[in-house]
Amino acid sequence: MTSDWASAFPEFDAWRPMHLLRRIGPVLQGICLDRSTSGDGYTPTAHVHALTREFPVISLTLGHRLERSSGQPETVLFSRHEDEFQDAVSALNEQCRLSLSEPPSLDEIVREYHSVCSTRQEKGLPPAVLEIEDSILIAAAAGRGALVEAGIALAEDLAARWPKARLPLDWVSADAWLEGLAAKAGNPEALEAIVSGQVRKHKLDKL
């Protein structure tokens, strides 16, 4: 299954069984063949992961699971893989806002972070604290000053509207959070060190 999906998306590498990755500067884009709870199939899930944060696993940030027309996740049964995976490849490619064929630009990735953060706020979902942080630090690590400024402006706007009861338990204040975020974004050497450390930790050198 992994090799079938890798052949369908040659821009990606088979990082581990059931998981494809490619590196775009300080961020990873991936396709995870997420095993179903029943264990008889998998749901293809496109995602990204920021290398600018020390993290023990590859996260499924901005995850988009293959969906049916009803909006429910679509599972490809292992017994039907050969017959159905090509249709699943086409459908996931069409559904994803970030291109899975040609690598998306860093600008497109960061803007997608911003869009998701704003949408979550509009829908009254839990504050996208980690997502807005990632968007700013990815832009900073890539030396995209205008994107950093756009991210900081969005963070200021969102933080002013986030209900305190739904924020992380270690949250001190919006001002303290924004100051810390700006300090991290202003230290590209430290971000580069984190990215290099994450590449080594997760054995991503060959991507």
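The values are calculated or read from the model by the stated rules, or taken from the named source; none is laboratory data. Here the structure is a predicted model, which means the values were calculated and not measured. In this analysis, Cβ positions are derived from the backbone assuming ideal geometry, glycine residues included, and neighbour counts consider all displayed protein chains. Ligands, DNA and RNA are stripped out before the accessible areas are found, and what is left, the full protein with its side chains, is counted by its heavy atoms. Shrake-Rupley method; radii C 1.70, N 1.55, O 1.52, S 1.80 Å.
Listing for the model above:
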{"item": "Exclusive hit being at pLDDT 95 or above and closer than 29 Å to residue 151 by Cβ, set 90, 59, 101", "result": "59"}
{"item": "Scope the range 68-121; condition small (Gly, Ala, Ser) and either closer than 30 Å to residue 152 by Cβ or in contact with a strand residue (DSSP E or B) (Cβ under 9 Å, 6 or more places away or on another chain) (or both); matching residues", "result": "79, 88, 91, 99, 105, 115, 118"}
{"item": "Total residues in the range 27-67, condition open to solvent by 10 Å² or more (accessible area, probe 1.4 Å), assigned to a loop (DSSP other than H, G, I, E, B) and not basic (Lys, Arg)", "result": "12"}
{"item": "Residue ID - modelled with the lowest pLDDT, chosen from residues in the range 6-43 that are over 28 Å from residue 197 (Cα atoms) and in contact with a strand residue (DSSP E or B) (Cβ under 8 Å, 6 or more places away or on another chain)", "result": "36"}
{"item": "All positions within the range 159-199 that are farther than 23 Å from residue 117 by Cβ and surrounded by 10 or more Cβ atoms within 10 Å (Cβ to Cβ)", "result": "190, 192, 193, 196, 197, 199"}
{"item": "Evaluation of residue 143 against (1) of a type outside the set (A, V, I, L, M, F, W, C); (2) in contact with a Cys (Cβ under 8 Å, 6 or more places away or on another chain); (3) in a loop (DSSP other than H, G, I, E, B) (one fails), failing number", "result": "(2)"}
{"item": "Residue within the range 192-207 that is acidic (Asp, Glu), over 16 Å from residue 134 (Cβ atoms) and modelled with pLDDT under 95 present", "result": "yes"}
{"item": "For residue 70: the one exception among (1) over 18 Å from residue 8 (Cβ atoms); (2) of a type in the set (Gly, Ala, Ser); (3) open to solvent by less than 80 Å² (accessible area, probe 1.4 Å)", "result": "(3)"}
{"item": "Residue within the range 117-132 that is over 16 Å from residue 46 (Cβ atoms), open to solvent by 60 Å² or more (accessible area, probe 1.4 Å), touching a residue at least 24 places away in the same chain (Cβ under 8 Å) and in contact with a Ser or Thr (Cβ under 8 Å, 6 or more places away or on another chain) present", "result": "yes"}
{"item": "Qualifying residues in the range 83-97 (those that are free of Cβ contacts under 8 Å to residues at least 12 places away in the same chain and of a type outside the set (S, T, N, Q)) - the one most open to solvent (accessible area, probe 1.4 Å)", "result": "94"}
{"item": "Residue ID - farthest from residue 143 (Cα to Cα), chosen from residues in the range 98-108 that are open to solvent by 60 Å² or more (accessible area, probe 1.4 Å) and part of a helix (DSSP H, G or I)", "result": "108"}
{"item": "One residue from 134, 107 being modelled with pLDDT of 95 or more, more than 14 Å from residue 61 (Cβ to Cβ) and touching a helix residue (DSSP H, G or I) at 6+ places or on another chain (Cβ under 9 Å)", "result": "107"}
